[in-house]
Structures are given as C-alpha cells and as structure tokens.
Amino acid sequence: MSSEWPFVRLGDHVDSCLGKMLDAKKNKGAFQPYLGNSNVRWGNFDLVDLAEMKFEPHEEERYSLEPGDLVVCEGGEPGRCAIWTGARGMKIQKALHRIRPKATLNNYFLFYWFCHAAKAGLLEPYFTGTTIKHLTGRAIAALEIPLPPVETQIALVEVLRRLDDRITLLRETNATLEAIAQVLFKSWFVDFDPVRAKMQGRPPEGIDEATAALFPEGFETSELGEVPRGWAVKSLDSVANYLNGLALQKFPPTGVKDLPVIKIAQLRKGDSVGADFASGSIKPEYVVRNGDVLFSWSGSLEVEIWCGGEGALNQHLFKVTSSEYPKWFYYLWTRHHLDSFRQIAASKATTMGHIQRSHLSAAVVVVPSDGVLKSADGIFTHLVDRIVATALQAQTLSTLRDTLLPRLISGQLRLPEAQAVAETTLDAAPQA
C-alpha cells in the first residue's frame, strides 16, 4: 500500500538495543528477572514465572526497560511487540530488541506500524534465516516506515487506542463473567454448597428461598461418592455430543462460498484472520457459528465459546452440542474436566498429546433435579449470553481497528473520517 507520508529509515529515528545473552557460565552480578521471547505478546506481556539471570551494575542502562519502550521479538514470531508500561528496570534477554523512539517518532505509532507490517508481510523481506526466521538489529535499523508529523502520529494513535481500550475493557468484562460462572457452577454442582448449608441448618448463600427449596437436604451414595439426594451421575459424553472435525484438506476451496478453517490456532486466538479456506459444501453439522462450544482435544487443549464468525470445523476439534441439556451445562462441565484432560494429554509419550473418547466416557457429570436445572438455567444462560454478546462486540471493534489501521498508517484515510467512524461505532457499542 502506498503512503501519503515520506518513508524514512527506522534506525535514524530510534535508539535500539538487543538484550543480553543468556550464559550461566559467563554472566556475573546479581540475579534479576528478565523478559524472553515467550513473555511478549501482541500488545501486552505475560509476566507469570519470569526467569532470572545475572546482571552487573554497568549493564543496568543498556538492558533495562523504561516505560514507553517498544519491546520487539527478534525470533519466534519476528516483529511481535508490545510497549512496556511497567516500572523502570525490567531486563531483556537477547531474543528481544529494546526500541526507544526519538522525538520525531511516537512509540504507539511505531507499535501500530509493526502490527500493520506483520499482517501485511512488510517485515518478511528483512528476515534472515531459512527454517528459523530472525529480525536482526541491522534489519530493525533498515526498516522503512512512513513518517507523518508527530502531531498527526499522536492524533491517529488516539483513534486506534480508544478502540483498543474498549476492546480490552470488553475482554476483561468477559473474564469476570467467566469467573463468576465457573465459581457459581462449582459451588452448586461440584461442591454442593447449598445442600451442605441446608444440612447444617443454614440458608444457602446468594440464593432466594424459592431456589434454596429446590436443593435436597442430604446426600446419597453413588459411583462418584456422595451426591445430593435424587441427583444423577452420568458420563460427560452422555450429556453432550462431541463431534470431531473433518480432515479439511479433502475439501479444498472452490472460490464460491468457501469457509475459513477453524483449527487449534484459530480457537486459541479467537478469530479466523489468516486462516486457510475449505469448501463451504461440507455437511451443516461441521459448520462452526458464533456461540458454538469448541473443544480442542489434541495439542493445546482448550474449551471456548466460539465468537470468531462462521467457519469449518477442522479435525482435532470437537463441536460440543446437546439436545437434552443447555449450553452452559455441558460447556462448564467440559471446562471443569479440562485440567485432568490436559494432564492425560501431557502424560502421553507422543509429539502431540491428546485425549481419547474413552476419557470423555470416564469423566463424571452430576446432573441435578429438573427443578434445580431449570432454576439454574435462568442464571447461567444469562451469563453465557452476555459472554457471547460481549465477545462479538469486541470482535466488531477489532475488525474496525484492523480496517482503519493500514489506511491511517499510510495517510490514505484522513483523521476526521476515521474519528467519525470510530466515534459512531463506540457510541453504538454497549458499555461493558
């Protein structure tokens, strides 16, 4: 895409430094935490369980981050980056570049340019290596970027950041809703807290008298052990159908009504951007739609409510449905067993761990009485519906941001137009 702005050499507008080599024998000084490639995500950092290495006092300035620094992956997914907003002093390992823009370049403008460049393939000509790609310090300096006036950079960044801030808020809201649903589900159907409260002569917490009356006042013995009196014990695959996806290479795209292929990678990131395509002539049951429960049973085991648009179900993914039980029930029970499924998959001595259908049959589900299930349905269905609606709104804003980004970066879309579109969309979006 051509640009209305002049192109400049990135090295002339930033101070860049590669992180420190990890060498336990040669490194000296005091142990300090550092960021590696795996700690950097697009737009944020994973700071759980940071590794440590030794740094000497004279290395502080060279390898320390300051708030506002752009941290860019040298390998792994070269160009993946995020802006450091934490305290000064976090260190970086050699797998990362620390890029500190000069006065002519706004750090968020540069971040958004990297986002655009990665998707548009603009970084690839600068990569070194054949099987393992790298973005070296020399390549970083040689990158050519469009450079509008700083005031313009700041104004267009404001448009994009407002969208990103709302997307972040929506995703945080969904994380809260998900946590509420899981905690309440565990309390009622795993720990049986309302039943235990009634046995102790206490009113169950958080529910009204009518709902509390639906829960039994005692337990009975089952194959699972003690369960609430009158409740049933069933296998996971008896309360829901786990439909395995297709080997979609056998259904090549035709160019007419093709569908993006939903693989494990798409499930993990929540959308089908960049996905392969398959023919849309597959059977309807293998078409994935917003609100479907998907479970990857191989490799990276995940259970999610899909909100990334229509697609084709690939092998190694289950689409989970039920004609007898509500979506929240089989979704939360599948999530409840996810940790044990992951342990089973990890124990397999193969290159890609997985579970088998026998493990679904061995996973136990406690089914409450019809009264409790009906009462719970009003609560949990509302939570799931909100999760889906919020996720879809975040997807709408993400799509708008991704549409505006290349046109703003290039100068082909003027700021007043972008600001008007963003404002209209944000005003129409429900607050999280």
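Okay, here's what the table says:
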read-out	value
Residue in segment 45-56 that is assigned to a loop (DSSP other than H, G, I, E, B), out of contact with any Gly (no Cβ under 6 Å at 6 or more places or on another chain), open to solvent by less than 40 Å² (accessible area, probe 1.4 Å) and in contact (Cβ under 8 Å) with a residue 12 or more places away in the chain present	no
Answer from L259, L313 - the residue that is of a type outside the set (S, T, Y), in contact with a strand residue (DSSP E or B) (Cβ under 6 Å, 6 or more places away or on another chain) and either open to solvent by 10 Å² or more (accessible area, probe 1.4 Å) or without any contact (Cβ under 8 Å) to a residue 60 or more places away in the chain (or both)	L259
Some residue of segment 69-89 being farther than 26 Å from Y34 by Cα, without any contact (Cβ under 8 Å) to a residue 60 or more places away in the chain and open to solvent by 30 Å² or more (accessible area, probe 1.4 Å)	no
Within segment 317-369, helices (runs of 4 or more DSSP H) holding 2 or more residues that are over 30 Å from F219 (Cα atoms)	338-347
Qualifying residue in segment 212-224 (condition: at positive phi and at pLDDT below 95)	no
Selected residue (criterion: surrounded by the most Cβ atoms within 10 Å (Cβ to Cβ)) from residues of segment 90-137 that are in contact with a Phe, Trp or Tyr (Cβ under 7 Å, 6 or more places away or on another chain) and under 19 Å from P67 (Cα atoms)	I92
Single residue of segment 367-378 satisfying the filter (crowded, with 18+ Cβ neighbours inside 10 Å and of a type in the set (A, V, I, L, M, F, W, C)) that is farthest from the chain's Cα centre (by Cα)	V372
Check on E304, over 23 Å from S340 (Cβ atoms), outside any loop (DSSP other than H, G, I, E, B) and in contact (Cβ under 8 Å) with a residue 12 or more places away in the chain	no
Test for H382: is it surrounded by 14 or more Cβ atoms within 10 Å (Cβ to Cβ) and in a helix (DSSP H, G or I)	no
Positions within segment 344-386 being over 20 Å from G291 (Cβ atoms) and of a type in the set (V, I, T), in sequence order	I344, T350, T351, I355, V364, V365, V366, V367, V372
Positions within segment 268-279 being at pLDDT 95 or above and surrounded by fewer than 20 Cβ atoms within 10 Å (Cβ to Cβ), in sequence order	D276, F277, S279
Matching residues in segment 282-307 - criterion: being modelled with pLDDT under 95 and more than 20 Å from A240 (Cα to Cα)	G299, S300
The one condition in (1) open to solvent by 50 Å² or more (accessible area, probe 1.4 Å); (2) on the phi < 0 side of the Ramachandran plot; (3) out of contact with any Gly (no Cβ under 6 Å at 6 or more places or on another chain) that G230 fails to fulfil	(2)
Subset tally (residues that are of a type in the set (A, V, I, L, M), modelled with pLDDT of 95 or more and surrounded by 16 or more Cβ atoms within 10 Å (Cβ to Cβ)) for segment 339-363	2
Sole residue being small (G, A, S) and more than 35 Å from the chain's Cα centre (by Cα), chosen from G230, G274, G255	G230
Residues located in segment 395-417, provided they are touching a residue at least 40 places away in the same chain (Cβ under 8 Å) and not in a helix (DSSP H, G or I)	G411, Q412
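The values are calculated or read from the model by the stated rules, or taken from the named source; none is laboratory data. This one's a predicted model, so the numbers in the text were calculated from it and none came from an experiment. Note: ideal-geometry Cβ built from the backbone for every residue, glycine included; neighbour counts use all protein chains shown. For accessibility, only protein heavy atoms count, side chains too; no ligands or nucleic acids. Shrake-Rupley method; radii C 1.70, N 1.55, O 1.52, S 1.80 Å.
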